Structures are given as structure tokens and as C-alpha cells.
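Taking it in order: structure first as C-alpha cells, then the write-up.
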């Protein structure tokens, strides 16, 4: 499909918007893990973790997986062994460099008037050029658009799905540390970046937070700290321990959130979410966060880090925000060594 070439042809001008994650989904996309360097020395359990996640999502909706043909037989066996409903799981021969579908996959938009779903295709540069090569990952959005015969809107701005969150009603959350980082779009101003987000994702207002959490190699992705749980409700990470490096940036973000107003001029309901106790591998702290949950049809998958009390507290808080959905805990102890968990590996496709 041809890319949009003028402002009159942008998704927003044509009536498209990015739905909130809690809106009905046709499927969740994953990219099958195969890059051992992503989980140095600890790759062995990762395919089984992915298979478990696929199995859980397949209980509620379709699963679509980017996976090179040579990797598919084993991937299918693992998913079957994990109990996945294979009638709802489709593998696509789309080779990737890595497994972070939230960031290299398409950001889907939907046309309000007709219900048409389309793909927005941004540039992926592996979080500021940190992890080359990323040529195969950049081909995922056009490959999905071709396979599903969806309209594709191409934009030459660097953007990752994990760097933003929307409420489906015109608001978008992001961070200055990521979107204003010179390793992404050094030639674009804040104003130009905001205009791209408005034109391509159908939002009206961008809400900026500051810095992200410690250990996050994505330079402050929003899905590791602050998420919408309804149009006027925000769940955000806090770190009460003043000696912890996350205390200051998360406290500053909380103050910003308290100053934000809805389009109607009201304060947001803000729900505080605790951080896990800090931990790491090989002396490197990992960006473990309960905010990296994944909303699907009828359920929310919540990362767990083998911290019984805090894991349970996080499940309870998230469950309170999503009273009408099942809360499904997923052990992400191994997965986080790749510096991301449930939201980072997935990308929802709206129904």
C-alpha cells in the first residue's frame, strides 16, 4: 500500500485513531524469540515463557506470531505443550532480528466511521542504534500490512510502541527522555514530534512525563512506568524508598500527573503502583516493573518477579483498575533479563 504523502492523507485526516488497549482486539501479535544475545547466558527458558504467554492469550483471543519458517516447528510444539489453543494461533513467515514486537511491530489505527483497521509504520532504529542489526525488524509492519491486506501509513520518524500509551479519546502519554532523545529524531522539535503523533495516531493532546526507570535501555519507555486504565484514569509506578534511584524520577512524574487535566478540565484518577524490589543479573539492575502489564479481551496479564508480597499487591491494584477482567500472573523472572516483559513483547491489533 502507498504511504501517506500529504497532510490531507494522514490517518487523522481520514478519520483514523489509535484505540485504547482495553478496546476490543482482533488479535495480539508476538515475534518469536531466537536471539540469544538478548538474554545473555539465560536464553534457554525464554521460548517456554513465550509459549506460556501465547497459551494464556489464546484462551481469550487470536494470537499472531512473526516467526521465520525454520523456527516454526519447534515454536508450535512448545505452544502446544503449554496448552495453547492452536486453532487461534497463526504463525507468519516474517523473520525478525529480535523479539520486541511492541517496538518493531506496527501501531494499528482504526477508522471511526467505517471500522477499517490500518497500519502505521514508523522507523525502528533499535532504541537509538543500540542493538544492530535491525533491518528485519523494520520489515515487520509492511509485511503484516501486505499479509493482512491493510492500508499502510508510513512515517519516517523513529517511534516505538512502548514509548506511548493512549486513552482512545484523544490523549497520549509519553516521556521526554525517550521521544526527545537525540538518538531518535535529532532533527525534529517537540512541536514537530507532537504533530506527527496527532496526524498519524489521531490524538489531540500529548502528556509529557520526564525520565523513565533505572536499567531501561529504551531511554524511558512509558509502558514501564505509567499507563492509562480508563479514559480519565492513570496507573503509575512509585518508589517510596528515597535511597532508590527510581524514587526521584517517579516522584517527579507523579507531580506532573497530578497537574494534568482531562479535556473537560477535571483531574485524572491516579492509582499508585509499587515497584518490585530491585534485582539484577551479573551485577546489572533490570527494569522490572508491574506497569508492563498486557490488556487483552477479558483479561490482564501481569508480570511477576518472584516477590510474593509485592507481586500480590501489584495484582490486587491492577485488578482493582480492571474489575471486569481476569488477572493472570505471568512469571517474568527470566524474561526481564532481556530488559522487557509482557507489554514489550506484544502488540495488539484492534477488532
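Would you check if there is a residue in the stretch 229-241 being more than 23 Å from residue 29 (Cβ to Cβ), at pLDDT below 95 and surrounded by fewer than 18 Cβ atoms within 10 Å (Cβ to Cβ)?
yes
Restricting the search to the stretch 281-314, which residues are part of a helix (DSSP H, G or I) and under 22 Å from residue 218 (Cβ atoms)?
Scanning the stretch 281-314 gives 290, 291, 292, 314.
Among the candidates 271, 286, which residue alone is within 19 Å of residue 304 (Cβ to Cβ) and within 19 Å of the chain's Cα centre (by Cα)?
One residue alone meets the criteria, 286.
Conditions (1) touching a strand residue (DSSP E or B) at 6+ places or on another chain (Cβ under 6 Å); (2) modelled with pLDDT under 95, marked per residue:
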{"residue": "2", "(1), (2)": "no, yes"}
{"residue": "7", "(1), (2)": "no, yes"}
{"residue": "10", "(1), (2)": "no, no"}
{"residue": "18", "(1), (2)": "yes, no"}
{"residue": "22", "(1), (2)": "yes, no"}
{"residue": "32", "(1), (2)": "yes, no"}
{"residue": "35", "(1), (2)": "no, no"}
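Here are some residues: 182, 147. Which one is surrounded by fewer than 16 Cβ atoms within 10 Å (Cβ to Cβ) and touching a residue at least 12 places away in the same chain (Cβ under 8 Å)?
147
Quick one: residue 133 ticks every box in (1) surrounded by fewer than 19 Cβ atoms within 10 Å (Cβ to Cβ); (2) touching a residue at least 40 places away in the same chain (Cβ under 8 Å); (3) closer than 30 Å to residue 216 by Cα bar one, so which box is it?
Looking at each condition in turn, residue 133 falls short on (2).
To keep it simple, each residue is scored yes or no on (1) out of contact with any strand residue (DSSP E or B) (no Cβ under 9 Å at 6 or more places or on another chain); (2) surrounded by fewer than 18 Cβ atoms within 10 Å (Cβ to Cβ); (3) part of a strand (DSSP E or B).
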| residue | (1), (2), (3) |
| --- | --- |
| 316 | no, yes, no |
| 319 | no, yes, no |
| 323 | yes, yes, no |
| 329 | no, yes, yes |
| 336 | no, no, no |
| 340 | yes, no, no |
| 344 | yes, no, no |
| 349 | no, no, yes |
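For the stretch 100-118, which residues satisfy the criterion of being within 22 Å of residue 342 (Cα to Cα) and either assigned to a helix (DSSP H, G or I) or free of Cβ contacts under 8 Å to residues at least 40 places away in the same chain (or both)?
Passing the criteria: 101, 102, 103, 104.
Go through (1) in contact with a strand residue (DSSP E or B) (Cβ under 9 Å, 6 or more places away or on another chain); (2) modelled with pLDDT of 95 or more and name the single condition residue 216 misses.
(1)
The values are calculated or read from the model by the stated rules, or taken from the named source; none is laboratory data. Note that the coordinates shown come from a computational prediction; the quantities given were computed from them, not determined experimentally. Positions of Cβ are generated from backbone atoms using ideal geometry, with glycine treated the same way; all protein chains shown enter the neighbour counts.
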